[in-house]
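Novice: I am attaching a structure below and will ask some questions about it afterwards.
The values are calculated or read from the model by the stated rules, or taken from the named source; none is laboratory data. On a predicted model such as this, the values are computed, not experimentally measured, just so you know. Cβ coordinates were reconstructed from backbone atoms using ideal geometry, including for glycine residues, and neighbour counts include every protein chain displayed.
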């Protein structure tokens, strides 16, 4: 989301305020703050409060619950990018003695390790972390409920293990790694593991009466990597920009895109949501959103990013229940996207194209399927069907004659140019598929050969 700051229209701002006000009133939450990012800039913030003159702003801290998991996932991906671990590694390789060491790091990140959702009683979110001083206390006597790698089962205990993994590999406490590797580089100075004024208090609102009860604020101890953080709408907006673009000081764009890739098939009948590596994925109003929701007693939070629209929204509230902040944040994205759709960048020609690459453009045939090959930025290419449905992919240049698939069916596959002895192009090889200039042309490199009788009528 590159920065091209432009203020929202007054009508859009009113629609956003109306949505926030409605959410606070109908959700019966003591206070609520929302913010919207467009093209890398905060373009709107708004809030409502039950106390006149004390509305929060984008610098007021709230507890953000499981949004913490996304931060923990970034720390793990950093270790992978540095070569200190592999996501396919079993946990035991880096954190021995847990009793569930055969599960992989990737499975923990994507909630497919089969671990229980919660730690044993008492309710960990409302009791001191000192009650669970060891990982065995967090995992309990039956830590695994499902076979590893088979299904998505959300697990707070899994992210406790990931936090301990970070400490074991990095050699510093999770909190220190978080501060030095994410918070400081991204300028998230109002994000912390303990509340720092100004901050909201957490409240439970009676389900059948308009009265409130203060919720306790506990240090979660070993469970901190699953939900400890406090943050502000302003800080989470900056974090949202990072989740859209990456930042080489923290995590490269390629690794951030990997976080957005579904880690497991969705549940049966639930094709509008999924989970990547520390990120929730949903389809709302015809657009893909990535981010995370969060809750702890007294607090609710939601952060959603629409990369395609260059938009993100954050909603924070201080009530235990009664509100779905993720739904409200998604609505804020929708309001701006529909009222002020993104204006595309002007078309501009590429700075230059190698004539040898330009020679490869145009139609190619895989059997009788017609495809078109086009040049894109940085020497990359795009292969798309010319008619009907088909396998479309973008490819990143690896050398002058090879490209690596970035998405779709051919993600990770190699596209290469095969030349004849005289240097002319024979065909394109894509994962053993031969793409030729003509469909089943005699003399071309067609696997299985071409019938000598050639094309014929009935």
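Novice: Here are some residues: 46, 53, 114, 65. Which one is modelled with pLDDT under 95, touching a strand residue (DSSP E or B) at 6+ places or on another chain (Cβ under 7 Å) and assigned by TED's automatic domain parsing to the domain that holds residue 178? Before the answer, list the steps.
Specialist: Values: 46 fails: modelled with pLDDT under 95; 53 fails: touching a strand residue (DSSP E or B) at 6+ places or on another chain (Cβ under 7 Å); 65 fails: modelled with pLDDT under 95.
Every option except 114 fails the conditions.
Novice: Tell me, please, whether a residue that is free of Cβ contacts under 8 Å to residues at least 24 places away in the same chain and crowded, with 19+ Cβ neighbours inside 10 Å can be found in the range 260-271.
Specialist: Within the range 260-271 (the criterion being free of Cβ contacts under 8 Å to residues at least 24 places away in the same chain and crowded, with 19+ Cβ neighbours inside 10 Å), the answer is no, since none of the residues qualifies.
Novice: Hey, could you check the range 117-153 for residues that are in contact with a strand residue (DSSP E or B) (Cβ under 8 Å, 6 or more places away or on another chain) and under 19 Å from residue 73 (Cβ atoms) and say which is surrounded by the most Cβ atoms within 10 Å (Cβ to Cβ)?
Specialist: Step one: of the range 117-153, the residues in contact with a strand residue (DSSP E or B) (Cβ under 8 Å, 6 or more places away or on another chain) are 125, 139, 143-145, 148-149, 152-153.
Of the ones still in play, those that are also under 19 Å from residue 73 (Cβ atoms) are 148-149, 152-153.
Numbers: 148: 17, 149: 15, 152: 20, 153: 18.
My answer is 152.
Novice: Quick one: count up the residues across the range 1-26 that are modelled with pLDDT of 95 or more and in contact with a strand residue (DSSP E or B) (Cβ under 7 Å, 6 or more places away or on another chain). Give the steps one after another, and end with the answer.
Specialist: From the range 1-26, those modelled with pLDDT of 95 or more are 8-26; that's our starting set.
Applying the additional criterion that residues be in contact with a strand residue (DSSP E or B) (Cβ under 7 Å, 6 or more places away or on another chain) yields 8, 13, 16-17, 20-21, 23-24.
Going through the range 1-26 one residue at a time, the tally reaches 8.
Novice: For residue 426, are the conditions met, namely being within 18 Å of residue 379 (Cβ to Cβ), assigned by TED's automatic domain parsing to the domain that holds residue 384 and free of Cβ contacts under 8 Å to residues at least 40 places away in the same chain? Give the derivation first.
Specialist: Details: within 18 Å of residue 379 (Cβ to Cβ): no; assigned by TED's automatic domain parsing to the domain that holds residue 384: yes; free of Cβ contacts under 8 Å to residues at least 40 places away in the same chain: yes.
Judged against the criteria, residue 426 is not a match.
Novice: Here's something else I'd like to know. Can you name every residue in the range 339-356 that is part of a helix (DSSP H, G or I) and without any contact (Cβ under 8 Å) to a residue 24 or more places away in the chain? Working first, answer last.
Specialist: Step one: filter the range 339-356 for residues part of a helix (DSSP H, G or I), giving 339, 355-356.
The one that is part of a helix (DSSP H, G or I) and without any contact (Cβ under 8 Å) to a residue 24 or more places away in the chain: 355.
Novice: Can residue 37 be described as on the phi < 0 side of the Ramachandran plot, over 19 Å from the mean Cα position of the chain (by Cα) and either at pLDDT 95 or above or in a helix (DSSP H, G or I) (or both)?
Specialist: On the way: on the phi < 0 side of the Ramachandran plot: yes; over 19 Å from the mean Cα position of the chain (by Cα): no; either at pLDDT 95 or above or in a helix (DSSP H, G or I) (or both): yes.
No; evaluated as a whole, the condition is false for this residue.
Novice: Taking the criterion of being touching a residue at least 12 places away in the same chain (Cβ under 8 Å) and under 24 Å from residue 449 (Cα atoms), would at least one residue in the range 399-411 satisfy it?
Specialist: Step one: list which residues in the range 399-411 are touching a residue at least 12 places away in the same chain (Cβ under 8 Å), which gives 400-403, 405-411.
Add one more test, that the residue is under 24 Å from residue 449 (Cα atoms), and what stays is none.
No; the residues of the range 399-411 include none that is touching a residue at least 12 places away in the same chain (Cβ under 8 Å) and under 24 Å from residue 449 (Cα atoms).
Novice: How do the pairs read when you match residues in the range 164-187 that are assigned by TED's automatic domain parsing to the domain that holds residue 100 with residues anywhere that are surrounded by fewer than 18 Cβ atoms within 10 Å (Cβ to Cβ) and modelled with pLDDT under 95, using Cβ under 9 Å and keeping only pairs 6 or more apart or on different chains?
Specialist: From the range 164-187, no pairs qualify.
Novice: Here is a follow-up. Answer yes or no as to whether residue 85 is touching a strand residue (DSSP E or B) at 6+ places or on another chain (Cβ under 9 Å), more than 19 Å from residue 205 (Cα to Cα) and either in a loop (DSSP other than H, G, I, E, B) or outside the structural domain of residue 297 (by TED's automatic domain parsing) (or both). Let's see the steps before the verdict.
Specialist: On the way: touching a strand residue (DSSP E or B) at 6+ places or on another chain (Cβ under 9 Å): no; more than 19 Å from residue 205 (Cα to Cα): yes; either in a loop (DSSP other than H, G, I, E, B) or outside the structural domain of residue 297 (by TED's automatic domain parsing) (or both): yes.
Taking the combined requirement at face value, the residue does not satisfy it.
Novice: A further question follows. Please go through the range 255-271 and give me each residue that is modelled with pLDDT under 85 and under 15 Å from the mean Cα position of the chain (by Cα), ordered by number.
Specialist: Initial filter on the range 255-271 (modelled with pLDDT under 85): 264-271.
Correct list: 264 only.
Yes/no per residue for (1) loosely packed, with under 11 Cβ neighbours inside 10 Å; (2) at pLDDT below 95:
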| residue | (1), (2) |
| --- | --- |
| 339 | no, no |
| 345 | yes, yes |
| 351 | yes, yes |
| 355 | yes, yes |
| 364 | no, no |
| 367 | no, yes |
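Novice: So, one more: Of the conditions (1) out of contact with any strand residue (DSSP E or B) (no Cβ under 6 Å at 6 or more places or on another chain); (2) surrounded by fewer than 18 Cβ atoms within 10 Å (Cβ to Cβ), residue 386 fails just one. Which one is it?
Specialist: Failed condition: (1).
Novice: Do the conditions hold for residue 80, that is, is it at pLDDT 95 or above and touching a strand residue (DSSP E or B) at 6+ places or on another chain (Cβ under 9 Å)?
Specialist: Working: at pLDDT 95 or above: yes; touching a strand residue (DSSP E or B) at 6+ places or on another chain (Cβ under 9 Å): no.
Taking the combined requirement at face value, the residue does not satisfy it.
Novice: Suppose we filter the range 46-77 for residues that are in contact with a helix residue (DSSP H, G or I) (Cβ under 7 Å, 6 or more places away or on another chain), crowded, with 20+ Cβ neighbours inside 10 Å and farther than 27 Å from residue 206 by Cβ; how many remain?
Specialist: 10
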